[in-house]
Structure formats: C-alpha cells, structure tokens
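Below you'll find the structure, written out as structure tokens, and then a few comments.
The values are calculated or read from the model by the stated rules, or taken from the named source; none is laboratory data. Note that this is a predicted model, so its numbers are computed, not measured. For neighbour counting, all protein chains shown are included, and Cβ atoms are generated from backbone atoms with ideal geometry for every residue, glycine included.
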Amino acid sequence: MSDCEQLLQLRSDEQVNKYLDRPKSTTIEECVEFVHKIDEQLKSGCSYWVVSLKADKVLIGTVCLWNFDTEKETADLGYELSPAHHGKGIMLEAVKSVIDFGLNVLGLKVILALTHPENEASRKLLKRTGFEEDLNYGYVNKDDAGEEAVYFLVKKKK
C-alpha cells in the first residue's frame, strides 16, 4: 500500500497508457483496489515486482509474470515504466532478471509477451532480451483492444 501514490502517477500517465488496453487510473482508491487485486493474484501464482532505482526505493515501474499455463509451462510478461526513466536501461535490467527467475526458478519453458505493433520501444526491449516476434502467428486481437504483436522466448536446452 505504501506504493499507491507512485502507482497512481504511473497508471494515470498518458504516455504509459498510450499502448495499453486499460482505463487510466484517476483516484488513489483505484490504485488501492489494484493492489488488492495483485495481492489476490499473488496467492494464485502471479509474480509481480516493483521497479525502483537502487539508491531510491520509490516505485517507478512494475514488471510481472502472469497468465500462467502450468501444462504448457508458459507465462506472459508485462511491464510499465515512468517516462522520466525511459531509455536508461532500467527496464532492460528488470526484464532480464524476471526472465531469469521465470526460466530458472519457476521452470517455465516459454515466456510470451504481447505489445502494440506501434510500440517500438517495447518491441526493441523484447528483442534485446531474447524474445522473437512470432511471425507465423502474426497479430492477435486482444480483448477487442486492437491488434497486438506476439513475442516469445523459449528456454534454451543445455
């Protein structure tokens, strides 16, 4: 709950929400509800992290693994970062850590990510962390939100 003010700033930012299919948060109560929702999802297997600078423990972003499929050993990756911190490698570091956790601690075989086709920064981040665009799959319609580009990362066999 101590992150709700920063979470509200993040989830209400026009630039952060530009490519996301969600209503912009407008009240602290919405963020409190969201924190409760995440707490419940954490009990059922979702993994959700706050992203902060090492010197300052203030929330500047989030990253998560969710939508787990235990049979296929897959999960989806999601992330968001305050625009003031874009282009500094912060999310690159966070996503690499979450990928390592997903593949090597949780034992996932595949991590999926959906991103808006015009979100070049997100597409670049996914490619830099080893994701490949699923050109055979093409674009998918996600909850009537428009098309999303499908990316995947497969755990390499040793």
So which of S52, S47 ends up being in contact (Cβ under 8 Å) with a residue 40 or more places away in the chain and either under 18 Å from L108 (Cα atoms) or small (G, A, S) (or both)? S47
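Which of the residues that make up region 19-37 are touching a residue at least 12 places away in the same chain (Cβ under 8 Å) and either farther than 14 Å from L59 by Cβ or assigned to a helix (DSSP H, G or I) (or both)? Give the steps one after another, and end with the answer.
Within region 19-37, the subset touching a residue at least 12 places away in the same chain (Cβ under 8 Å) is 19-21, 24-28, 30-32, 34-35.
Result: Y19, L20, D21, K24, T26, T27, I28, E30, C31, V32, F34, V35.
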Is at least one residue of region 54-64 among the charged types (D, E, K, R), at pLDDT 95 or above and either out of contact with any Cys (no Cβ under 9 Å at 6 or more places or on another chain) or buried (at least 16 other Cβ atoms within 10 Å of the Cβ) (or both)? no
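Among the residues of region 103-123, what is the count of those that are small (G, A, S) and not in a helix (DSSP H, G or I)? Please lay out each step first, then the result.
The first filter runs over region 103-123 and keeps only residues small (G, A, S), leaving 107, 113, 121-122.
Next cut, not in a helix (DSSP H, G or I) only: 107, 113.
Number satisfying all stated conditions: 2.
Can you pull out every residue in region 95-111 that is under 20 Å from E133 (Cα atoms) and of a type outside the set (V, I, T)?
Let us first name the residues in region 95-111 that are under 20 Å from E133 (Cα atoms), namely 95-96, 98-100, 102-103, 108-111.
Hits for region 95-111 are K96, D100, G102, L103, L108, K109.
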Residues that are part of a strand (DSSP E or B) and in contact with a His (Cβ under 9 Å, 6 or more places away or on another chain): does region 58-67 have at least one? yes
One residue from D56, D3, D100 being touching a strand residue (DSSP E or B) at 6+ places or on another chain (Cβ under 9 Å) and on the phi < 0 side of the Ramachandran plot: D3
Within region 14-43, residues surrounded by 16 or more Cβ atoms within 10 Å (Cβ to Cβ) and more than 16 Å from the chain's Cα centre (by Cα) come out as S25, E30, C31
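Going through region 76-102 one residue at a time, which ones are in a helix (DSSP H, G or I), surrounded by fewer than 19 Cβ atoms within 10 Å (Cβ to Cβ) and out of contact with any Leu (no Cβ under 7 Å at 6 or more places or on another chain)?
Initially, region 76-102 is screened for residues in a helix (DSSP H, G or I), giving 83-85, 90-102.
Narrowing further to those that are surrounded by fewer than 19 Cβ atoms within 10 Å (Cβ to Cβ): 83-85, 90, 92-93, 96-97, 100-101.
Residues satisfying the conditions are P83, A84, H85, E93, K96, S97, D100, F101.
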